[in-house]
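Q: Structure incoming, see below.
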Amino acid sequence: MSENNTVLKAMGIHRIFPSGMTELHVLKGVDFELKRGEVVSLLGSSGSGKSTLLHILAGLDTPTDGTVMWGDTNIFALKDRVRSYLRNANLGFIFQFHHLFPELTALENVMLPLLIGGSDKSEARKKAEGLLERFGLSDRAEHFPSQLSGGEAQRVAVARAIVSEPQILLADEPSGNLDSENKKILHGMLLDISAQFGTAILIATHNIELAMITQRILYLTDGRLSDRSPSGGIVV
């Protein structure tokens, strides 16, 4: 990663989608930096392009124009296979809907990134078990996603996202479908992860309580990113 502690940098990101006879210009020249150990929240109204931006930053979608750097690496200059390998090793992604593999147990879901990265199975199991224990899920390790509550499934998804100790963690409405108690648990987990591992975290959220405990709040409005709310208050 780059010497100035910047682990992710986006420059001039545009994303245009065809829409009938016209085009929908969702992102209009977004510039953004995320530094090691930083926790940043991203606010914006529904449909503002928050998910689109996160998917581009994660290399899951391709911008119409612009550059995304993970450290010193321009990810869109890489072949898909190489970019996927780097993403598995360096970046975790938490989806709003946990996206666990239904045919795998909680333990197997958490082990998966390590196995894809070539880790020994016994070592991957040991590390995954340690995370599940830390998140209070040891007794749910052999359960399938359909047998987990919403809060449990999302904690498994967080464990899967960080099991490789990524430098970057992107979270798209991670607590949007949780009750108030599980929201607080998840928010505490994210802060603990950053503090323990130095993980840089960007969280797209509508949750004001979560946004207020992050180090920076950014706003996505009309396709552009700003550190100032367009209304003078917090956008929800």
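Q: Tell me, which residue of the range 212-230 that is part of a strand (DSSP E or B) and touching a Lys or Arg at 6+ places or on another chain (Cβ under 8 Å) is surrounded by the most Cβ atoms within 10 Å (Cβ to Cβ)?
A: For the range 212-230, the residue satisfying everything is 220.
Q: For the range 21-36, state whether one or more residues are over 20 Å from residue 190 (Cβ atoms), without any contact (Cβ under 8 Å) to a residue 60 or more places away in the chain and not aliphatic (A, V, I, L, M).
A: Scanning the range 21-36, I find at least one residue that is over 20 Å from residue 190 (Cβ atoms), without any contact (Cβ under 8 Å) to a residue 60 or more places away in the chain and not aliphatic (A, V, I, L, M), so the answer is yes.
Q: A further question on this structure: Which residue, of 119, 146, is in a helix (DSSP H, G or I) and either in contact with a Gly (Cβ under 7 Å, 6 or more places away or on another chain) or of a type in the set (Ser, Thr, Tyr) (or both)?
A: Just a single option satisfies the conditions, and that option is 146.
Q: Now a separate question. In the range 1-111, which strands (runs of 3 or more DSSP E) lie fully inside it and hold 1 or more residues that are among the acidic types (Asp, Glu)?
A: Per the criteria, 22-35, 65-70.
Q: Continuing with this model, one more query. Could you check the range 196-211 and list, in sequence order, the residues that are out of contact with any Asp or Glu (no Cβ under 7 Å at 6 or more places or on another chain), in a helix (DSSP H, G or I) and either under 29 Å from residue 25 (Cα atoms) or touching a residue at least 12 places away in the same chain (Cβ under 8 Å) (or both)?
A: 208, 209, 210, 211, listed by residue number.
Q: Turning to a different aspect of this structure: Mind listing just one residue for me: the one in the range 9-27 that is of a type outside the set (Val, Ile, Thr) and closer than 27 Å to residue 90 by Cα and, of those, surrounded by the most Cβ atoms within 10 Å (Cβ to Cβ)?
A: That would be 27.
We did not get these values from a lab; they are worked out from the coordinates using the rules stated. These numbers come from a predicted model, not from an experiment. All Cβ positions, glycine included, derive from the backbone under ideal geometry; neighbour counts span all protein chains shown.
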